[in-house]
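Quick notes on the structure that follows.
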Amino acid sequence: MLNLLAVLQKERFKPRYYVAAATDNMSLQKARFFEDSLVDEAGIDVVGTAHFMQIYRSREVGQSYITSIGTTLIAIAHALWLMVRMQPQVILCNGPGTCIPLCAISFLLKVFGIRWSSVFYVESIARVKRLSLSGLLLYKLQLADQLFVQWPQLKSKYPRTNYVGRLM
């Protein structure tokens, strides 16, 4: 994700909100380091245009599907609060259990005509033969506007995806 963000037009997309799982200690730390290192083309610091937030996961690794129903409902309620607070124009996500609630709320806000956010999901490079659970849910429920895969065989198996090669 940071490689993708490195080529993003920082001036066009601000403020930027980084959302990671409450149990994820590394992602927000990496995002803070990334933002602290940013300087735009004119040499002006863009530090301070980023916000860092945590969200409950829909499902922890190894959690049963039955108990994940409750945690998903809690995560969706929390995602609603975050989406109202952030009001994003673009959601760029790569899973795992943190993106589903945000994408679901974004979809519902579109359906009700309240707010329009474009959702772009980038599947992990580790997914060679099949989509992750998050990717599969977004694909089957059509919650993402664009779903990007990094392997051509995934594009063949899931025709509505976009093959972009490896984003390393």
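The values are calculated or read from the model by the stated rules, or taken from the named source; none is laboratory data. Everything numeric in this text was worked out from a predicted model, so none of it was measured. Methodologically, a virtual Cβ is constructed for each residue, glycine included, from the backbone with ideal geometry; neighbour enumeration extends over all protein chains shown. Heavy atoms of the whole protein, side chains included, go into the accessibility calculation; ligands, DNA and RNA do not. Shrake-Rupley method; radii C 1.70, N 1.55, O 1.52, S 1.80 Å.
If I ask for residues that are open to solvent by 70 Å² or more (accessible area, probe 1.4 Å) and among the aliphatic types (A, V, I, L, M), which ones from segment 104-136 would you list? If you could, list the steps in order and put the result at the bottom.
Pass one, segment 104-136, residues open to solvent by 70 Å² or more (accessible area, probe 1.4 Å): 107-108, 111-112, 114-116, 126-127, 129-130, 133.
Within segment 104-136, 108, 111, 114, 126, 133 meet the criteria.
Quick one: is residue 84 in contact with an Asp or Glu (Cβ under 8 Å, 6 or more places away or on another chain) and either modelled with pLDDT of 90 or more or β-branched (Val, Ile, Thr) (or both)? It would help to see each step written out before you state the result.
Values: in contact with an Asp or Glu (Cβ under 8 Å, 6 or more places away or on another chain): no; either modelled with pLDDT of 90 or more or β-branched (Val, Ile, Thr) (or both): yes.
It is false that residue 84 is in contact with an Asp or Glu (Cβ under 8 Å, 6 or more places away or on another chain) and either modelled with pLDDT of 90 or more or β-branched (Val, Ile, Thr) (or both).
State which residue is surrounded by the fewest Cβ atoms within 10 Å (Cβ to Cβ) when the search covers only segment 137-157 and only residues that are part of a loop (DSSP other than H, G, I, E, B) and not acidic (Asp, Glu).
So the residue we want is 142.
Which of the numbered conditions does residue 115 fail, given that it passes all the others? Conditions: (1) outside any helix (DSSP H, G or I); (2) within 16 Å of the chain's Cα centre (by Cα); (3) within 21 Å of residue 19 (Cα to Cα).
Failing condition for residue 115: (2).
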